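J.: After the structure tokens below, expect a handful of questions from me.
Throughout, read-outs are computed from the coordinates displayed, never taken from laboratory work. No experiment lies behind these values; they were computed from the predicted model shown. Cβ atoms come from the backbone with ideal geometry, glycine included; neighbour counts cover every protein chain shown.
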Amino acid sequence: MEPVKFAKGSDSLVEGLAMPFFGPVKAEDGIGRDLEGEYFSPRTDFALDMFAVRPLLYHHGLDAAVQAELVGRVADHKAIDRGVWARAQLTRRSEWYEAIRGLIEEEALGFSSGTLSYLALVDGKSGEILRWPWIELSLTPTPANPYAVAGTVKSLAEVARLFTPEPPLTVDPETNTLSRVAIFGKHRLAGFRAAWSAQYIADLPDGAFACRDSAGRHYPHHDAQGNLDLPHLRAALSRIGDPSNVQCGRAHLEAHASAAGLGERD
């Protein structure tokens, strides 16, 4: 995922690649996929004309402090040869504006798209995302430099303290909402794209993964600091729910899901 940048001469209009075609991990068939083995392609139906207005969120509403607060709106988008490019207008009156602006100036955020789980369709055999009706756009920590923004993944409030004398809003992380994921035959429904780079995952310790076998390490779900990462736990549970994928580590992942109350929200 490429870092977003401010449009020339602006400190509130931010632009970048929202839905890039293909991914950084090349398979034997020569097609680049993301870390979940999936990819957008020129054939993906983004339903670009389905919505007149799309919200801009921070980290898909998963941040404990910011939650699903609107931090801006999508102002423009267009299909280009590398994917779907977007421009978004930040909301200056948001209490998170200064913190987000600072991270964008440091090239520490990128775009990530979201959809409703029951509208998305992924070919479980090839990993091609066939349908992804684009619902929302998020600013999320750039995976190419995860260590620089590790604190903001937990809470943007930590960054906001640098810009405001007022104490940040504190919200119980248990109130976070997460997208549903389900398996249907050869197709998988998903909510949003998890965002860790291949290098970041390669540098993780063995304990960050659910299991290890002769083929390698599988299902990363703890970050570099050892914290449980709920979006990647969701992704791991989704993948292990497909019998054609590696099944080691299922009990470990399900124990995490039970402790986090993920099943209670389904």
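J.: Which cross-chain or sequence-distant (5 or more) residues have an amide H under 5 Å from the amide H of D45, H modelled 1.01 Å from N in plane?
T.: Residues meeting the amide H criterion: R131, W132.
J.: Name the residue from L130, L90, A75 whose Cα lies farthest towards the positive end of the charge dipole of the stretch 23-132, charges +1 on Cβ of Lys and Arg and -1 on Cβ of Asp and Glu.
T.: A75
J.: Can you give me the Kirkwood hydrodynamic radius for the stretch 5-160, using every pair of distinct Cα atoms, in Å to one decimal?
T.: Hydrodynamic radius (Kirkwood, Cα pairs) of the stretch 5-160 is 16.2 Å.
J.: Here's another thing I want to ask about it. Name the long-range amide H neighbours of W96: under 5 Å, sequence gap of 5 or more, or other chain; modelled H, no Pro or chain starts.
T.: HN-HN under 5 Å from W96: empty list.
J.: Could you list the residues of the stretch 60-101 with an amide nitrogen less than 14 Å from a label point located 7 Å from the Cα of Q225 in the Cα-to-C-beta direction?
T.: 63-65
J.: If I take R0 = 41 Å and measure r between the Cβ atoms of D81 and A215 in this structure, what FRET efficiency does the formula 1/(1 + (r/R0)^6) give, to the nearest 0.05?
T.: 0.75
J.: What list do you get for T91, T44, T140 if you sort them by fewest beta carbons within 10 Å?
T.: Neighbour counts put them in this order, fewest first: T91, T44, T140.
J.: Along the Cα-to-Cβ line of R73, 7 Å from the Cα, sits a label point; which residues in the stretch 93-125 have backbone N less than 19 Å from it?
T.: Residues 93-97, 114 fall inside that zone.
J.: Within a 10 angstrom radius of the beta carbon, how do W96, W134 rank from fewest other beta carbons to most?
T.: Ordered from fewest to most neighbouring Cβ atoms within 10 Å, W96, W134 come out as W134, W96.
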